[in-house]
Amino acid sequence: MSFMTRIYLLIALVSTSPALASDERPVIVAFGDSLTAGYNLPEGLGYAPQLEDALRREGIAATVVDAGVSGDTTSGGRQRLAFVLDGLEQTPDLLLLELGGNDVLRAIDPAVTRENLQWMIGEVQSRGIDVVLLGMRAPRNYDPAYVEAFEAIYTDLATQYDVPLYPFFLEGLEGVDGTIQRDGIHPTFKGIKLMVGGSLPTVIEALEAD
């Protein structure tokens, strides 16, 4: 399914679902790359639908909109952010911002990544939407100066904009059998479950603080 087709379906969902009519039934946008888009996983087994299921098991009847695009960089996210938000019938209560991994794979200057994430956080907050920042890390075999500059982005922006930070979106997967696909990058369903479980408390806390 193409990105545009998925967005149109999501717009229809948000426009028609009675479950979105109450503040007690929050709308969350998972805005990211292949890690939120459920790359190479059957429909329903990606991060967004699994987070929605986990929240409902906690008694939170949230709708989690999957706005992940595989291969997206922070520059790509910046270009499409307004389109995604403008296309939703209802203003979301929370946006989970998960981008930066593809910037690292392309060795993009951390200053560019920082500027793009900074712009996106500001844009989302200007619309009255809360943000949770889902952090990424650079591989340990990269130049130490690059690693330090990249990873400082998330802690710095979380402090600057007073947004919750889940420091590493893939926390707990390294070295655990069956959590990463054969490409060595993307999570399996088992990995997704760990990602959801790890980030769930941060998401719930952000919802309760709203």
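To the nearest 0.05, how large is the calculated FRET efficiency for ALA152 and GLU123 if R₀ is 25 Å and r is the Cβ-Cβ distance? List each step's numbers first, then the result.
On the way: r = 22 Å, r/R0 = 0.86.
Rounded to the nearest 0.05, the efficiency is 0.70.
Is the range 90-210 rounded, prolate or oblate when judged by the Cα gyration tensor, a ≥ b ≥ c being the square roots of its eigenvalues, rounded requiring a/c under 1.5 and prolate requiring a/b larger than b/c? Kindly include the intermediate steps, with their values, before the conclusion.
Numbers: a/c = 2.11, a/b = 1.19, b/c = 1.78.
Judged from the Cα gyration tensor, the range 90-210 comes out oblate (a/c at least 1.5, b/c at or above a/b).
Provide, as a two-decimal number, the C-alpha radius of gyration of the chain over 2.2 N^0.38 Å, N being how many residues it has.
Details: Rg = 16.1 Å, N = 210, 2.2 N^0.38 = 16.8 Å.
Its radius of gyration relative to the 2.2 N^0.38 Å reference: 0.96.
Taking all protein chains as present, what is the carbon and sulfur share of the accessible area of the chain, in % to the nearest whole number, probe 1.4 Å?
About 51 percent, which is the carbon plus sulfur part of the accessible surface.
Once the Cβ-Cβ distance between ALA111 and LYS190 is put in as r, and R0 is 45 Å, what FRET efficiency do you end up with, to the nearest 0.05?
Working: r = 36 Å, r/R0 = 0.80.
So, using R0 = 45 Å, E works out to roughly 0.80.
Send over a whole-number figure in Å² for the accessible area per residue of the range 43-174, probe 1.4 Å. Don't skip to the answer; put the middle values down first.
Numbers: 5730 Å² over 132 residues.
Accessible area per residue: 43 Å².
Please build a GNM for the chain, connecting alpha carbons under 10 Å apart, and tell me which residue among ASP53, ASP177, ASP86 fluctuates the most.
Maximum among the listed residues: ASP177.
Picking from LEU194, LEU41, LEU134, which is most flexible by a Gaussian network model of the chain using Cα springs under 10 Å?
LEU41
Per DSSP H run of at least 4 residues, take -39500 (n - 2.57); add these up for the chain, divide by its residues and hand me the 222 nm value, nearest 500 deg cm²/dmol. Could you put the intermediate results ahead of the total?
Working: 8 runs with 103 residues, N = 210.
Roughly -15500 deg cm²/dmol at 222 nm, from the helical runs in the chain.
Report the full-extension gain for the segment SER70 to GLN90: residue separation times 0.36 nm, less the Cα-Cα distance, to one decimal in nm. Before the final figure, lay out each step's value.
On the way: separation 20, 0.36 × 20 = 7.20 nm, distance 2.47 nm.
Result: 4.7 nm gained on full extension.
Most mobile of GLU123, GLU98, GLU52 per a Gaussian network model of the chain (Cα springs, under 10 Å)?
It is GLU123.
For VAL132, which sequence-distant residues (separation of 5 or more, or a different chain) have an amide H within less than 5 Å of its own amide H, given hydrogens modelled in the peptide plane?
LEU95, LEU96, LEU97
Could you pull out which residues in the range 46-84 have an amide N less than 16 Å from a spot 7 Å beyond the Cα of ARG25, following the Cα-Cβ vector?
52-53, 55-57, 59-65
Taking the 0 to 90 degree range and rounding to the nearest ten, how far is the long axis of helix 47-57 tilted relative to the main principal axis of the chain, both from C-alpha atoms?
Between helix and principal axis, roughly 50 degrees.
At 7 Å along the Cα-to-beta-carbon direction for both ASP177 and GLU205, put a label point, then send me their distance in nm to one decimal.
3.3
Round to the nearest 10 and give me the degree value, 0 to 90, for the angle of helix 110-126's Cα axis relative to the longest principal axis of the chain.
20
Taking the range 101-210, which trypsin sites (Lys or Arg not before Pro) meet the DSSP loop condition and have no more than 16 other C-beta atoms within 10 Å?
Details: sites: ARG106, ARG114, ARG127, ARG137, ARG140, ARG182, LYS190, LYS193; in loops: ARG106, ARG127, ARG137, ARG140, ARG182.
Passing both the DSSP loop test and the Cβ count: ARG106, ARG127, ARG140, ARG182.
Ranked from the most accessible area to the least, with a 1.4 Å probe and all protein chains present, what is the order of TYR142, TYR39, TYR154?
TYR39, TYR142, TYR154
Given contacts defined as C-alpha pairs under 8 Å and at least six residues apart, what's the relative contact order of the range 51-111, whole-number percent? Present the calculation step by step, with values, prior to reporting the outcome.
Values: 24 pairs, mean separation 19.2, N = 61.
Once normalised by length, the contact order is 31 percent.
The values are calculated or read from the model by the stated rules, or taken from the named source; none is laboratory data. The shown structure was predicted, so the numbers you read here are calculated from the model rather than taken from an experiment. Cβ coordinates were reconstructed from backbone atoms using ideal geometry, including for glycine residues, and neighbour counts include every protein chain displayed. These area figures cover heavy atoms from the full protein model, side chains too; ligands, DNA and RNA do not enter into them. Shrake-Rupley method; radii C 1.70, N 1.55, O 1.52, S 1.80 Å.
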